[in-house]
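We did not get these values from a lab; they are worked out from the coordinates using the rules stated. On a predicted model such as this, the values are computed, not experimentally measured, just so you know. Note that we place each Cβ from the backbone using ideal geometry, even for glycine, and neighbour counts take in every protein chain shown.
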């Protein structure tokens, strides 16, 4: 149900505008398919934290079948991917998984995701392009 309440980006132009329009908040975009199980879980989680993070982050959803424009550019091949942008800059986060470009594994804890967003936001405000995740996800089961 979370995907119903969160704003969807229906074209590449909408994705670009979402990234370009925010000057003071982190832009979080969930790329994936609304009907995928992992996306449904992440969407519920994002909806659950949206009110808590609204002062420093804005959350959008983008279906990679409806908007395939970024699939190759961002290598969006996973069922569900979270990407982070700050003032039109792609923010990188070292999760310990070897992929710093995006969060492409399932997180089910609200506070854990809030912590990740806070770390990325604080690093972005300091001008950093790469931040360290508050937790090492090296041992997380990968699919």
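What share of all Cα pairs of region 11-75, in percent, falls into each consecutive 10 Å distance bin?
For region 11-75, the pair-distance distribution reads 20, 49, 30, 1.
Bin all alpha-carbon pair distances of the chain at 5 Å intervals from 0 and give each bin's fraction as a whole percent.
With 5 Å bins starting at 0, P(r) equals 2, 10, 21, 25, 24, 14, 3, 0.
How high is the relative contact order of region 33-94? Use alpha-carbon pairs under 8 Å, at least six apart in sequence, and give a whole percent.
Working: 30 pairs, mean separation 21.8, N = 62.
Relative contact order, region 33-94: 35 percent.
With the crude spin-label approximation of a point 7 Å out along Cα→Cβ, what separation in nm comes out for residue 108 versus residue 4?
2.3 nm
Modelling each spin label as a point 7 Å along the Cα-to-Cβ direction, I'd like the residue 75/residue 11 distance in nm, to one decimal.
A separation of 3.0 nm, rounded to one decimal place.
Let me check against my output: what whole-number percent is the relative contact order of the chain, with C-alpha pairs under 8 Å and at least 6 apart? Don't skip to the answer; put the middle values down first.
On the way: 245 pairs, mean separation 38.7, N = 143.
About 27 percent, as a whole number.
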